[in-house]
Amino acid sequence: MQEYGLFRPIDSQALGSGEKENRPIPEPGPNEVLLHMSCVGICGSDVSYLKRGAIGDFIVKAPMVLGHESSGVVAKCGSNVKNLKPGDRVAIEPGVPCRMCNFCKSGKYNLCPDVVFCATPPYDGSLCRYYKHAADFCFKLPDHVSLEEGAILEPLSVGVHACRRAGVTMGSNVLVLGAGPIGLVSLLTAKAMGASQICVTDIAENRLHVAKSMGADHTVLVKGGNLEALAEEIKKLMGDMPDVTIECSGAESSIHLGIVATKSGGVLVLVGLGPSEVKVPIVNAATREVDIRGIFRYVNCYPLALDMIASGKINVKPLITHRFKLEESIKAFETAATGSGGAIKVMISCE
Ligand SMILES: [Zn+2]
Ligand SMILES: [Zn+2]
């Protein structure tokens, strides 16, 4: 049995301190592959588990390996695996559902109550040297798509699901609230799906510069104050109210803005997760038929996300601002948590 280095950021005694541990290399089951891990991006959820030990109802009760935005190289295939072979470079879709329940059978496997999702308690994530995963949730990367881009497929899939739920299509006018990684992938996706105009808001000026450089037509710096006036400013910039608003911050005031800024008959998609209860002008939404929709992760989005990158329709490379080695994971998490140095997506190399 071989040993390998593994980062274990959450320890039950010293929450958030992080530690390394050796564990045996796992043996893939008949329908699984063993992966030599390549890249793992740090997500806001990883930072929350590390710093607070919880996200909503998901509570870390035992030490848990973090990481779910990842890519790797196939090291070994289970006996039934036909779609992959050793040496294949793959993006890893981190949630494997039960495949048996009504949600799975109706194609909404993201809502499966029995999904096993990397780095969501009690399941370990993929921030390690070797990881085993269901072969059909691994997506082979073409030669010209990098392993870093493979790892970015995870947040990009959130953008794809958000835009699909919002009904973004050719000619849509889209408002994106929040220019963090998810806001930016939503921007890229909406543009690739044919949106005519995209306006992005944020409370940080430097993030708006990034949004602009990634194709936002308009940006609005939110400094607090009157939300109705802000909605009016957005309408003026876009020439009309947006058909679709994608809320990526989770902040109460931003959800409020999302309702009043969206055109009557339009759609507001809630992607950002903030406090579990918020006060918003729901009657305004109801009487103007603004549909408010949630999203949970993504479903069948990896193939399209990969195609958008492979075909050159979008460029996700500017999202990756910082790179660390597995041994430097603590520093990587510190950078992601503080956003220091203009950090957008922090990437850890496990090779
Ligand atoms: Zn994530
Ligand atoms: Zn299921």
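A simple spin-label model places pseudo-atoms 7 Å from Cα toward Cβ; at ASN300 and SER196 they are separated by 2.9 nm. Most mobile of ASP240, ASP124, ASP46 per a Gaussian network model of the chain (Cα springs, under 10 Å)? Checking each option, the largest mean-square fluctuation is seen for ASP240. Per-residue Cβ neighbour counts within 10 Å put SER126, SER340, SER172 in the sequence SER340, SER172, SER126, beginning with the fewest. A straight line joining the Cα centroids of the range 308-351 and the range 182-214 runs 18 Å. Can you check what the net charge comes to around LYS235, using other residues whose Cβ is under 15 Å from the Cβ of LYS235 (Lys, Arg +1; Asp, Glu -1)? Every neighbour counted, the sum reads -3. Sequence-distant contacts, meaning Cα pairs under 8 Å at least 6 residues apart, place the relative contact order of the range 159-294 at 23 percent. With neighbours defined as other Cβ atoms within 10 Å of a residue's Cβ, the residues TYR130, TYR298 order from fewest to most as TYR130, TYR298. Cα gyration tensor of the chain, axes a ≥ b ≥ c as square roots of the eigenvalues: rounded (a/c below 1.5), prolate (a/b > b/c) or oblate? Note, shape of the chain comes out prolate. Quick check: from the Cα gyration tensor, does the range 159-294 come out rounded (a/c under 1.5), prolate or oblate? Verdict is rounded for the range 159-294. For the chain, modelled as a GNM with alpha-carbon contacts under 10 angstrom, which of MET308, MET100, MET238 fluctuates the most? Among MET308, MET100, MET238, the largest mean-square fluctuation in the Gaussian network model of the chain belongs to MET100.
So what's the gap between the Cα centers of the range 238-298 and the range 57-118, to the nearest angstrom? Using only Cα atoms to place each centre, the spacing works out to 30 Å.
Among the listed pairs LYS51/LYS132; LYS132/LYS345; LYS20/LYS325, those whose Cα-Cα separation exceeds 18 Å are LYS51/LYS132; LYS132/LYS345. First select every other residue whose beta carbon is under 15 angstrom from the beta carbon of VAL168; then total the charges, Lys and Arg +1, Asp and Glu -1. It works out to a net charge of +2. Expected output is a single nm value to one decimal: the length gained when fully extending between GLU252 and CYS101, i.e. 0.36 nm times separation in residues minus the C-alpha distance. What is it? Full extension from GLU252 to CYS101 adds 50.9 nm. Maximal additional length on extending the LYS223-LYS51 stretch stands at 59.2 nm, based on 0.36 nm per residue less the C-alpha distance.
Counting charges near GLY274 (Lys, Arg +1; Asp, Glu -1) among other residues having Cβ under 14 Å from its Cβ returns a value of -1. For the chain, give the share of DSSP beta bridges that are antiparallel, in percent and rounded to the nearest 5; count only bridges with both residues there. Percentage antiparallel, nearest 5: 55.
Quick note: the coordinates plus some simple rules give every number you see, no bench work behind them. This is a predicted model, so every value here is computed, not measured. With ideal geometry, Cβ positions are generated from the backbone for all residues, glycine too; neighbour counts draw on all protein chains shown.
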